[in-house]
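The values are calculated or read from the model by the stated rules, or taken from the named source; none is laboratory data. Quick caveat: nothing in here was measured; it's all calculated off a predicted structure. When the accessible area is computed, the model is the full protein with side chains, heavy atoms only, and any ligands, DNA or RNA have been set aside. Shrake-Rupley method; radii C 1.70, N 1.55, O 1.52, S 1.80 Å.
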Amino acid sequence: AAVRAATGGHHGKSPSNIVALPSVIARGGQMTITVDGCPRGGTATSAAFPTTTLTPIRGANETARGTATIHHNARPGSYDITVHCSGRTLTRPAAFTVLGGVRGGIGGSSSEGATPADIAIGGGLVAAAVIGGGVFWMRRRSEKRI
């Protein structure tokens, strides 16, 4: 009985595997957060978005999911996500990165979202991933010929 009281009486899983998609996002963008081991749902919090409700979805991993909208004034950089569910808390450090900026232009106009530098960085990351995957695929094909 002492052990049950110490763990809060929950026999289910602890929250695990917090995933934020996309993991790189512009201010004002929407991001999907999923967490396993959260059968009754819960909340996700971060400095970059308001508290977001996580709703249970069917599946073997007792997964919950929610959609967070990044604050328009979030500073560029990486952010943690903390999930609260089933009486337990889990934080994933540097779970996602906010890009972009608001810049004044001629006549006081402004643009929001990804800057040209952000787009170049993002494009480079995608290209590196594609090239890396292609090299792996070609290597696998050449191994089969031998």
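Listing for the model above:
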| read-out | value |
| --- | --- |
| When residues of region 79-103 are limited to those that are of a type in the set (S, T, Y) and open to solvent by less than 80 Å² (accessible area, probe 1.4 Å), the one nearest to P22 (Cα to Cα) | T97 |
| Which listed residue is at pLDDT below 60 and not in a loop (DSSP other than H, G, I, E, B), from G122, G101, G113, G134 | G134 |
